[in-house]
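Participant: Quick one: the structure is below, and I'll ask about it shortly.
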Amino acid sequence: MFLTSISPSTLVALVLPLLPRALSSPLMKRGGSFLALHTDFPDPSFVKTPEGKWFALGTEGNGKRVQVAESDGFHSWTLLDIEGLPKVAAWEEDAQHFAPDVIRRDDGKYIMYYSANSKEVGPNQDDHHCVGTAISDDPKGPYIPNDKPLACDLDKGGAIDPAGFRDADGTLYVTYKVNGNSIGHGGDCNNGVDPLVPTPLVLQKLAKDGVTPVGDPVQILDRNTADGDGPLVEAPSLVLSSGTYYLFYSTHCFNEDTYDTRYATASSINGPYTKNNEQLLKTGDSPRLISPGGATVHADDGNRILFHGWCDASMKQRCMYGANLSLDGTKASIV
Ligand SMILES: *[C@@H]1O[C@H](CO)[C@@H](O)[C@H](O)[C@H]1NC(C)=O
């Protein structure tokens, strides 16, 4: 009688007080995902300086277009009261600065890739993001934007979620999402109604300067209903480990608890990429993650990931989380 009438949330409330003891048990192994920054800091990316300090950039929030955080040991992060992009470029509106990504160039300068609303509007669409580039001597900025965007794809829905990548031979690339769902036909993230639109992840080779495209972008992944991607794939992040390219990405809509982090692997940078189709990070994973995605991974100094998840069930702010990763063969796991 008592047990059948108990609600799941009451059960959680009864069991929760028992957890701290279990967590401090010596049998419990250290590791897993950890809360890195308890503030709205979506789509984090990160870079390590030669001096060993870590810097993270995040989507607009806390009154900044580009947010900046720092860390000495990667585990504990501090939000800095700094505007990463004090001036916007001629091509962009002062709106919707999303998903900044940073890499350190061979000459020691830092290149930021980011997406923002472009002044130019494509056919039949409200959303019109382009990917732009900006440069700084300092990882925390100020980043000076280039006059022209790197990629727009306005006829296909715009370009968002860029992530830089340095290949084993030093060649630079940027991977980004063609934002097809912005020209979708309604429903979940505007792409839940047939005919569904492609939301491809593409790879653009770059010159040594990290900002000039070389040749045309190559499509390396797309959403697929049979793979359980929901309305889209987005937020690509590419790393190379022991000869295997790992392409991390998110599926589903960021405002649903189905939003997650998955990966695909390839033995050559242009693919073909094979989706693993397991959820590397999903709602409910420790420590109570909600919609974990927008991840950035680096594999050049330990395998590390930063990502966001809703701070709490009100789903108003996206906190930054981190973890160590194991990359083994074609298998990625949180350790
Ligand atoms: C991540 O790995 C580093 C060593 O590279 C270790 O010091 C740290 O404790 C690990 N963090 C977690 C959360 O396991």
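Participant: Out of Gly52, Gly31, report the one residue that is at pLDDT 95 or above, within 16 Å of the ligand (Cβ to nearest atom) and in a loop (DSSP other than H, G, I, E, B).
Facilitator: Values: Gly31 fails: at pLDDT 95 or above.
From the options Gly52, Gly31, the qualifying one is Gly52.
Participant: May I pose another question? Check every one of the strands (runs of 3 or more DSSP E) wholly within the stretch 97-137 and list those with 2 or more residues that are more than 15 Å from Thr212 (Cβ to Cβ), among the aromatic types (Phe, Trp, Tyr) and out of contact with any Cys (no Cβ under 8 Å at 6 or more places or on another chain). Lay out the reasoning, then the answer.
Facilitator: On the way: elements: 98-104, 110-117, 129-136.
Once the strands (runs of 3 or more DSSP E) in the stretch 97-137 are filtered for at least 2 residues that are more than 15 Å from Thr212 (Cβ to Cβ), among the aromatic types (Phe, Trp, Tyr) and out of contact with any Cys (no Cβ under 8 Å at 6 or more places or on another chain), what remains is 110-117.
Participant: Just to verify a result, which residue in the stretch 34-49, among those that are within 15 Å of His298 (Cβ to Cβ) and part of a strand (DSSP E or B), is nearest to the chain's Cα centre (by Cα)?
Facilitator: Per the stated criteria, the residue is Ser45.
Participant: Follow-up. Would you say Asp188 is under 20 Å from the mean Cα position of the chain (by Cα), open to solvent by less than 20 Å² (accessible area, probe 1.4 Å) and of a type outside the set (A, V, I, L, M, F, W, C)?
Facilitator: Working: under 20 Å from the mean Cα position of the chain (by Cα): yes; open to solvent by less than 20 Å² (accessible area, probe 1.4 Å): no; of a type outside the set (A, V, I, L, M, F, W, C): yes.
No.
Participant: Tell me which residues, restricted to the stretch 57-92, are within 16 Å of the ligand (Cβ to nearest atom) and touching a residue at least 60 places away in the same chain (Cβ under 8 Å).
Facilitator: As a first pass, look at the stretch 57-92 and keep what is within 16 Å of the ligand (Cβ to nearest atom): 71-77.
Within the stretch 57-92, Phe74, His75, Trp77 meet the criteria.
Participant: Working only within the stretch 311-333, note down all residues that are more than 17 Å from the chain's Cα centre (by Cα), of a type outside the set (D, E, K, R) and more than 16 Å from the ligand (Cβ to nearest atom).
Facilitator: Ala313, Ser314, Met315, Gly329, Thr330
Participant: Could you check Asp155 against (1) open to solvent by 50 Å² or more (accessible area, probe 1.4 Å); (2) modelled with pLDDT of 95 or more and say which number it fails?
Facilitator: The single condition Asp155 does not satisfy is (2).
Participant: Which members of the stretch 55-79 meet the condition of being open to solvent by less than 30 Å² (accessible area, probe 1.4 Å) and assigned to a loop (DSSP other than H, G, I, E, B)? Even if it seems obvious, please write down each step before you answer.
Facilitator: The first filter runs over the stretch 55-79 and keeps only residues open to solvent by less than 30 Å² (accessible area, probe 1.4 Å), leaving 55-59, 61, 66-69, 71, 74, 77.
Correct list: Thr59, Val66, Phe74, Trp77.
Participant: Between a first residue in the stretch 93-116 that is in contact (Cβ under 8 Å) with a residue 12 or more places away in the chain and a second residue that is open to solvent by less than 10 Å² (accessible area, probe 1.4 Å) and of a type in the set (Asp, Glu), which pairs have beta carbons less than 8 Å apart while being 6 or more apart in sequence or on different chains?
Facilitator: Short answer, once both residue conditions are applied: Met112/Asp101; Tyr113/Asp101; Tyr114/Asp101; Ala116/Glu92.
Participant: Would you be able to say whether some residue in the stretch 159-173 is within 30 Å of Thr244 (Cβ to Cβ), surrounded by 17 or more Cβ atoms within 10 Å (Cβ to Cβ) and within 16 Å of the ligand (Cβ to nearest atom)? Spell out how you get there, then give the answer.
Facilitator: The first filter runs over the stretch 159-173 and keeps only residues within 30 Å of Thr244 (Cβ to Cβ), leaving 159-173.
Okay, now just the ones that are also surrounded by 17 or more Cβ atoms within 10 Å (Cβ to Cβ), so 159-166, 172-173.
Applying the additional criterion that residues be within 16 Å of the ligand (Cβ to nearest atom) yields none.
For the stretch 159-173, residues within 30 Å of Thr244 (Cβ to Cβ), surrounded by 17 or more Cβ atoms within 10 Å (Cβ to Cβ) and within 16 Å of the ligand (Cβ to nearest atom): absent.
Participant: In the stretch 174-185, which residues are open to solvent by less than 20 Å² (accessible area, probe 1.4 Å) and part of a loop (DSSP other than H, G, I, E, B)?
Facilitator: Here is the first cut: in the stretch 174-185, the residues open to solvent by less than 20 Å² (accessible area, probe 1.4 Å) are 174-181, 184.
If the condition is that a residue be open to solvent by less than 20 Å² (accessible area, probe 1.4 Å) and part of a loop (DSSP other than H, G, I, E, B), then Asn179, Gly184 are the ones that fit.
Participant: What strands (runs of 3 or more DSSP E) completely inside the stretch 207-287 contain at least 3 residues that are touching a residue at least 60 places away in the same chain (Cβ under 8 Å)? Step through it out loud before you land on a result.
Facilitator: Working: elements: 218-221, 233-241, 244-251, 260-266.
Filter on the stretch 207-287 gives 233-241, 244-251.
Participant: Condition first: under 16 Å from the mean Cα position of the chain (by Cα) and open to solvent by 30 Å² or more (accessible area, probe 1.4 Å). Now tell me which residues in the stretch 262-282 satisfy that.
Facilitator: Within the stretch 262-282, Gln279, Lys282 qualify.
Participant: Still on this structure, please answer the following. Taking the condition of being of a type outside the set (Asp, Glu) and open to solvent by 10 Å² or more (accessible area, probe 1.4 Å), how many residues in the stretch 239-261 meet it?
Facilitator: Step one: list which residues in the stretch 239-261 are of a type outside the set (Asp, Glu), which gives 239-255, 258-259, 261.
Checking the rest, the ones that are also open to solvent by 10 Å² or more (accessible area, probe 1.4 Å) come to 240-245, 252, 254-255, 258.
Summing the residues that are of a type outside the set (Asp, Glu) and open to solvent by 10 Å² or more (accessible area, probe 1.4 Å) in the stretch 239-261 gives 10.
The values are calculated or read from the model by the stated rules, or taken from the named source; none is laboratory data. This is a predicted model, so every value here is computed, not measured. All Cβ positions, even for glycine, are placed from backbone atoms using ideal geometry, and neighbour counts span all protein chains on display. For the accessible areas, the whole protein counts, side chains as well, though only heavy atoms, and no ligand, DNA or RNA atoms are used. Shrake-Rupley method; radii C 1.70, N 1.55, O 1.52, S 1.80 Å.
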